[in-house]
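The values are calculated or read from the model by the stated rules, or taken from the named source; none is laboratory data. Everything quoted here is computed from the prediction, not taken from an experiment. Here the Cβ positions follow ideal geometry from the backbone for every residue, glycine too, while neighbour counts run over all protein chains shown. These accessible areas exclude ligands, DNA and RNA; they are computed on the full protein's heavy atoms, side chains included. Shrake-Rupley method; radii C 1.70, N 1.55, O 1.52, S 1.80 Å.
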Amino acid sequence: MIDLIDVSFQYGNGTEALHNVNLRVNQGEFAFVVGSSGAGKSSLLKLLLRETVATSGQVIVNGFNLNKLKNRQIPKFRRSLGVVFQDFRLIPDMTVYENVAFAMRVTDQSNKAIRKNVPEVLEMMNLSDKAKQHPYELSGGEQQRVSLARALINHPPLIIADEPTGNIDPEFSYEIVEMLEQINKQAGTTILMVTHEHEMVKFFGGRTINIEEGRVVFDDYIIGGANESE
Amino acid sequence: MRASSMRYLMGNGFKNLWHNRLMTIASVGTLVACLLIVGVAVLFSLNVDSMVEYVGEQNELVVFMDVGTSDEQLAQMESQLGHVEGLGEIDFVSSDEAMQTIVDRYLDGDAGLLEGMDDDFMPASFRCQITDPENAAALKAQIEELDNVDNVQAPTEITDTLVQLRHMINIFGGAIIVALTIVSLVIITNTIRASVFTRRKEISIMKYVGATNTFIRIPFVVEGIVLGLLSAGIAFLLVWGGYNIFLDVIREESTSLMANVINQVMPFSQLAAPVLGCFLIAGISVGCIGSVFSMRGYLKV
Ligand SMILES: Nc1ncnc2c1ncn2[C@@H]1O[C@H](COP(=O)(O)OP(=O)(O)OP(=O)(O)O)[C@@H](O)[C@H]1O
Ligand SMILES: [Mg+2]
């Protein structure tokens, strides 16, 4: 699903954000990516989204070899994954429904499919009663659910989330991660979630990849606190 | 691409125009002004062309033959002139006819005064029309080389002036069109850039969810084309009205002396199609190119 082989990445100004990273995330896995500020987490995601290309090494995502991907194949590749950002990236003058439908509209899907899929995914994210509201009328947690609904609308096999709970009150943060876990369990969607909320990682547990100074320094399963307390 | 997608994207183009309506009005206004200037230049140049042609039709070379040229040689000359390219109708004026004209015109028909003079005191001549006045000088030189030709008279100065005027108009007109095309491109590019800027967030989301560059571009191309079409339409109506008013004015003001020339001014019906065509092509292409320019840098990520 995600396969990084000896990947290094350097920005134009010479900053080496990633150094010899080897990483494999299989279909159906749920993995947290943690690390201090400036460790290279966002840089890793940029490579996975093909915003940038690795300076050396191979990046393979959903069967696409991103080193060799031609520009005109990028749209097809991007349709095979869903992205969620810390800042939600919703369009303020569109309603919740339109924000979610947008991802289908701009990828040439039929009105019929839009009318069927959007209510379904809103229902799944518990947003049905918010469909006609605008992003600014929603809480951070609700906005992130809209953004998640948009990422899920095309049923991608992989969801990449960059600090999806960074702008959300802690009580709602857990709700978002629970939803991600639920999607992971129900649909078998691979999920890669960057966070620096260690408490949360400890609470949920599971595969945790720690990046520091551009290197993978830890990659293993940790036992969640939720399980311990039970 | 689905028809529903196309409708959606085009709708977005119109929304952009409405959203930035002040910019839209400002840029349509500027484009109309540019088109009007170009339109006036084109109309002026077409009319000068038509006048040059008219003057050309009035233009003739008069080929005076040597005195005493035989009928045989004259016949040969006539057929030679018939083969010269660039000449229209050719009229032969015999030596006798020329004499008769002088008698009629200057001697009150009294041929007695000319008694004792040779029959072919007046040279025979050919009056040749010139199809393209620009060739007058060259034709004159060419025909002067022929046998038995005494001299060739051609009103080359008038034609020269007109031809020069035409050249100047073409050069000036060309320069104006180039300059205004650049101005229009800058205006359209800036207007659409404003829309692109307003929608930069949407564009970046489109990139992330896998929209193709075509999908991202279409609304802005539509915006550019609509700006161009709108301007072309308005400019056309203004030119139409303005031209007809201009015609009315010169018809009223004109003296009979000018009447002939003014009759050469073309009616708008004859100019409507080329003017509209030019405006539409100019508007649409400036719109398209402007929208492509304005997207630069926004299609990455
Ligand atoms: N556009 C850029 N150009 C140059 N250097 C950059 C750029 N973006 C990030 N960097 C550098 O690359 C390194 C890794 O940055 P990155 O954004 O990947 O860190 P991060 O782990 O996401 O940090 P944070 O937790 O603060 O988001 C840092 O040293 C950063 O300064
Ligand atoms: Mg980051």
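Tabulated data for the structure shown
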| item | result |
| --- | --- |
| Within a Gaussian network of chain A (alpha carbon springs, distance under 10 Å), most fluctuating of A:GLY188, A:GLY35, A:GLY12 | A:GLY12 |
| Cβ charges +1 (Lys, Arg) and -1 (Asp, Glu), total dipole of the protein assembly as shown, debye | 5640 |
| Fully extended contour minus Cα-Cα distance, from B:PHE14 to B:LEU165, at 0.36 nm per residue | 49.9 nm |
| Rounded Å value of the spacing that divides the Cα centres of the stretch A:54-112 and the stretch B:36-102 | 74 |
| Solvent accessible area, Å² - A:ARG215, 1.4 Å probe, full protein context | 110 |
| Debye, to nearest 20: dipole size of the stretch A:90-155, +1 on Lys, Arg Cβ, -1 on Asp, Glu Cβ | 200 |
| 10 Å Cβ neighbours from other chains, averaged over peptide A:179-191 | 0 |
| Buried on assembly, the stretch A:97-111 (at least 10 Å² less accessible surface than by itself, 1.4 Å probe) | A:PHE102, A:ALA103, A:ARG105, A:VAL106, A:THR107, A:ASP108, A:GLN109, A:SER110, A:ASN111 |
| Positive-end extreme of charge dipole, chain A - chosen from A:ALA113, A:LEU90, A:ASN13 (charges on Cβ) | A:ALA113 |
| Protection-proxy order for peptides A:178-185, B:161-168, each taking the mean of Cβ atoms within 10 Å per residue, highest first | A:178-185, B:161-168 |
| Descending principal axes extents, the stretch A:22-93, alpha-carbon based, whole Å | 35, 33, 27 |
| Threshold 40 Å², the stretch B:190-225 residues less accessible with all protein chains present than alone (1.4 Å probe) | B:LYS201, B:GLU202, B:ILE205, B:TYR208, B:VAL209, B:GLY210, B:PHE215 |
| Leading residue at positive end of dipole, the stretch B:60-154 (Cβ point charges), from B:PHE92, B:ASN135, B:LEU61 | B:ASN135 |
| GNM top mover of B:ASP110, B:ASP150, B:ASP49 - chain B, alpha-carbon springs below 10 Å | B:ASP110 |
| Convex hull of chain A built on C-alpha atoms - directionally averaged projected area, nm² | 12.9 |
| Subset of A:LYS46/A:LYS112; A:LYS46/A:LYS70; A:LYS41/A:LYS202 violating a 23 Å alpha-carbon distance limit | A:LYS46/A:LYS112 |
| Computed over the protein assembly as shown, the ratio Rg/Rh where both radii use C-alpha atoms and Rh is Kirkwood | 1.34 |
| GNM top mover of B:SER269, B:SER285, B:SER50 - chain B, alpha-carbon springs below 10 Å | B:SER269 |
| Cα-Cα pairs of the stretch B:147-233 separated by more than 22 Å (percent) | 58 |
| Percent of C-alpha pairs per 10 Å bin, the stretch A:1-46, short to long | 23, 55, 20, 2 |
| Hull volume in cubic angstrom per residue (convex hull over the Cα atoms of chain B) | 178 |
| Percent RCO, i.e. relative contact order, over chain B, from Cα pairs under 8 Å lying at least 6 residues apart | 30 |
| The protein assembly as shown, helix-only ellipticity at 222 nm - DSSP H runs n ≥ 4, -39,500 (n - 2.57), divided by all residues, nearest 500 | -18500 deg cm²/dmol |
| Separation of the B:ASP108 and B:THR131 label points, Cα + 7 Å toward Cβ, nm | 4.7 |
| A:SER80-B:LYS201 FRET efficiency (beta carbon distance; Förster radius 35 Å; 0.05 resolution) | 0.95 |
| Average accessible surface area per residue within the protein assembly as shown, 1.4 Å rolling probe, Å² | 51 |
| Computed over the stretch B:1-113, the ratio Rg/Rh where both radii use C-alpha atoms and Rh is Kirkwood | 1.51 |
| Surface share of carbon and sulfur [accessible, 1.4 angstrom probe, percent] for the protein assembly as shown | 56 |
| Solvent-accessible surface ranking, highest first, for A:LYS130, B:LYS15 at 1.4 angstrom | B:LYS15, A:LYS130 |
| Over the stretch B:170-301, equivalent-ellipsoid semi-axes from the Cα gyration tensor in Å | 44, 13, 11 |
| A:GLU98 paired with A:HIS19, simple spin-label distance in nm, labels 7 Å along Cα-to-beta-carbon | 4.9 |
| Relative pair counts by distance (%), Cα atoms of the stretch B:60-154, 10 Å bins | 16, 45, 27, 11, 1 |
| Separation of the A:ASP220 and B:VAL67 label points, Cα + 7 Å toward Cβ, nm | 12.9 |
| Solvent-accessible area buried by pairing B with A, both sides, nearest 100 square angstrom, 1.4 angstrom probe | 1900 |
| Charge dipole (debye, nearest 20) of the stretch B:60-154; +1 at Cβ of Lys and Arg, -1 at Cβ of Asp and Glu | 300 |
| Overall Cα dimensions of the stretch A:131-214, principal axis frame, Å, largest first | 42, 27, 24 |
| Of every Cα-Cα pair in the stretch A:90-155, the percent that sits beyond 15 Å | 40 |
